[in-house]
Every structure is written in structure tokens, then in C-alpha cells.
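Worksheet: the structure to be examined is printed underneath.
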Amino acid sequence: MKILKTALAALAATTMMAGIASAASHETKTKLRIQTHYAPETPSGKLAAEYVDDIQVMSNGMIEVEMFYSSSVVKSVETFDAAATGILDCDMTGGAYQTGKNPAFQFVGDIMGGYDTPYQQLSWLYYGGGLDAAQKLYNKFDMELIGWWVYGQESLASTKPIRGVADLKDWKFRSPPGMETKIFEKLGAKPIVMDFTEIFTALESGIIDGADASGLANNVGLGLYDIANYTNFPGFHSMPSDHLACNKAKFDAMPEAQQRVMKVAMQALALKTALTFEKKNAEAAAALRAKGVELAQWSPADLQTFRDAAQATWPEFASTPEAKDLVEAHLTYLRALGLAK
């Protein structure tokens, strides 16, 4: 009987301790400092705020976020390093800013000349082996890829007509770093790499003729068409995958339930982003036409010229094992979708 009582007491103690440990796990509060390059008044900035609200509510307040907009802590291109080193915790910009570390980041940030819709691109990430391949790359730099939010094809903003490839000759425009500069140089343009936050001033002062900033609705939110009277719609050249990437040690220390909240909420953000911009871009296009802004739709021949230049540039950037793996993963999936030969 004594042995039985002792065993039952030990079992009760073990159960109680397990319960305490479980409760403690659920009560672990995580504080995150996240930076995005988007201004809070843009559609993407508002969607980022929705994501923050989602994870805070769904975690019952156990995830607490201090959000920084418009790259207010460090420059957009420095956000990744700031998160990896603990100045911030998470980077909500995009992988294409990190091509200087490894050209493979181009192919998780903006493949260019590849997918037609955000749904195809997200499908590669979740069902084409993209997430596993990308995660290996991020982990090499002590970061964890939480997910993507893809708003669709970007539109250019310009103070000069951009009706086709011929108009790109000597066209000075703001470009993000990476492969885009090489593609547009081949087509006669003069890309100038500058921070996202400097675009408006550079356009206003005439340092640049145009800018590759974002999608049509976001460009409106940035006020670019108050200066630039020309654009293209629908877009074709760039469909960046904005990411949420977090300091790996910080993310690994989070309870699994909180990790799941962040990842599933990113999938919700991805869907909301794609759906939001279907509507927002159409509304922006109508408003811009009414305002007198010229919206050019490139011909199939010009679009193919761009796609050919883009795909010819991919091998130039596939100079590391990680980049080669990602390009091959994209090509395999693009062929399955009938978008590459």
C-alpha cells in the first residue's frame, strides 16, 4: 500500500509540474521589434498593421510588437542585418535587398520575368519546394523566413512616357539593388540604386526620370503620381516577394504555439495582400486616368523582349550553390506551369 501511495504521489507531482511547465510556456511573453520600409498610410503599410494586430490578438497578448514604418530605425537595405544582430528582431522588407550577401537572395526576393500572378509565386513557396530551399539560405545568416506577402506586378512611375522598350533608352530611374539593374541596362536604361525612402525627393528634384517603387496603389499612396504623369499598367517587370524574416535565435526561443501563430498569420496576410491589390490597383488605375496620368499597356512583343532579357540574366546571378538551387527550383516549377521552356 505504501508503495502504491508513493507511486501515486509521485505521479501527481509529475502531472502538476507538467501542468505548471505547460502553463508557463503559454504565459511566455515575446516582445518583437519589426521594421518595414512601407509608410503606414500605404495599402501595404496598413496590411502590415493588420498582421501585427492578428498575431497579438491570436496569441492572447503573448506576442507584443513594436512596429517601425518607413525604415525609421535603419535604412531599408540594413533591416536584415539589424534583425540578425539584435538591433531589431524581424525584417519586414524583402530578400532582394540582400543580394550583396548572396545572389541567391535575388531568387527569393524578386525573380523578375518569371511568374504572372502572386498566386503562382506563393504556390512555388509552399508547394514547389521553395520554402525549404529558401530557409536554408536564411538560416545561413542566422535568420528564419516566416513567410511572404506578394502584392502582384509592380508599375513604374515616370516623368517621361514609358510606352515600350524603346522608351527605356537613357531613362534614369530608381532601382533596388540586384538583378534588376543588369536587366534594365541591357534594355538601354540607366538604373540608379537608392533607398526606398529617397524616391520622392529624387523624382521631385529631377535626379531621376522615374522609379521602380511598388505596385500602382502603393505608388499613389507614396504620392509619386503627384510628380510623375506616366506609368504602366498592368505591370510586368517585377513582382517582389516581401518577406517577414526574424532573428533565428529569437524565433527559436518562442513557444511553438507562438511560432505557429506567426507563420499561419503570414499565410493570411499573403492572401489578403493579393486580394487587396486586385481591387486597389484597379481603383488606382481608374483614378489616375481621371487625373490625366497616362497608363501604358506594353505590347506582347515588348513584354517578350523584357522576359527574354530577364531570363538571360538569371544565370549571371546563379553564381553560388544556393542561387543555382533556387533557379533550378523556379525553372522546374515554371515549366510545370507552362511559363518557361
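Please treat every number below as a calculation from the coordinates, not as lab data. Note that the structure is a prediction, hence the values are computed from the model and not measured. Cβ sites come from the backbone with ideal geometry, for glycine too, and all protein chains shown count toward neighbours.
The distance from the alpha carbon centre of the range 117-145 to that of the range 148-188 is 25 Å, rounded to a whole number.
Label zone of Leu339 (point 7 Å out along Cα→Cβ, amide N under 19 Å): in the range 122-166 this covers 122-135, 147-156. Taking the helices alone, the chain has a mean residue ellipticity at 222 nm of -15500 deg cm²/dmol, built from -39,500 (n - 2.57) per DSSP H run of at least 4 residues and averaged over all its residues. Across the range 159-255, the convex hull enclosing all Cα atoms gives 126 Å³ per residue. Here, the range 125-179 is characterised by an Rg to Rh ratio of 1.16, where Rg is the alpha-carbon radius of gyration and Rh the Kirkwood radius. Lys and Arg at +1, Asp and Glu at -1: add these up for the other residues within a Cβ distance under 9 Å of Met143 and post the number. Result for the local shell: -1.
Summarising the amide proton neighbourhood of Asn232: residues at separation of 5 or more, or on other chains, whose placed amide H is nearer than 5 Å comprise Leu156, Ala296. Over the range 71-113, the hull volume per residue, using the convex hull of the C-alpha atoms, is 69 Å³. Binning the alpha carbon pair distances of the range 260-311 at 5 angstrom intervals from zero yields the distribution 4, 16, 12, 11, 15, 20, 12, 7, 4, 0, expressed in whole percent.
For Met194, the residues whose amide H sits under 5 Å from its own are Ser175, ignoring neighbours fewer than 5 places away on the same chain, with H placed 1.01 Å from N. A cut-off under 11 angstrom between Cβ atoms defines the neighbours of Ser71, and their net charge, with Lys, Arg +1 and Asp, Glu -1, is -3. Seen from Val57, the other residues with C-beta closer than 13 Å to its C-beta sum to a net charge of -4, counting Lys and Arg as +1 and Asp and Glu as -1. DSSP beta bridges confined to the chain are antiparallel in about 45 percent of cases. Taking label points 7 Å from Cα along the Cα-to-Cβ direction, Ala287 and Gln304 give a separation of 3.7 nm. Taking the Kirkwood radius as Rh and the Cα radius of gyration as Rg, the chain has a ratio of Rg/Rh equal to 1.07. In the range 297-341, taking the dipole from charged Cβ atoms about the Cα centre, the farthest positive-side position among Trp298, Ser319, Ala336 is held by Ala336.
Whole-Hz Karplus values for the range 153-161 come out as 5, 7, 10, 7, 10, 8, 8, 10, x Hz, taken residue by residue from phi with 6.51 cos²θ - 1.76 cosθ + 1.60 and θ = phi - 60°; glycine and proline positions read x.
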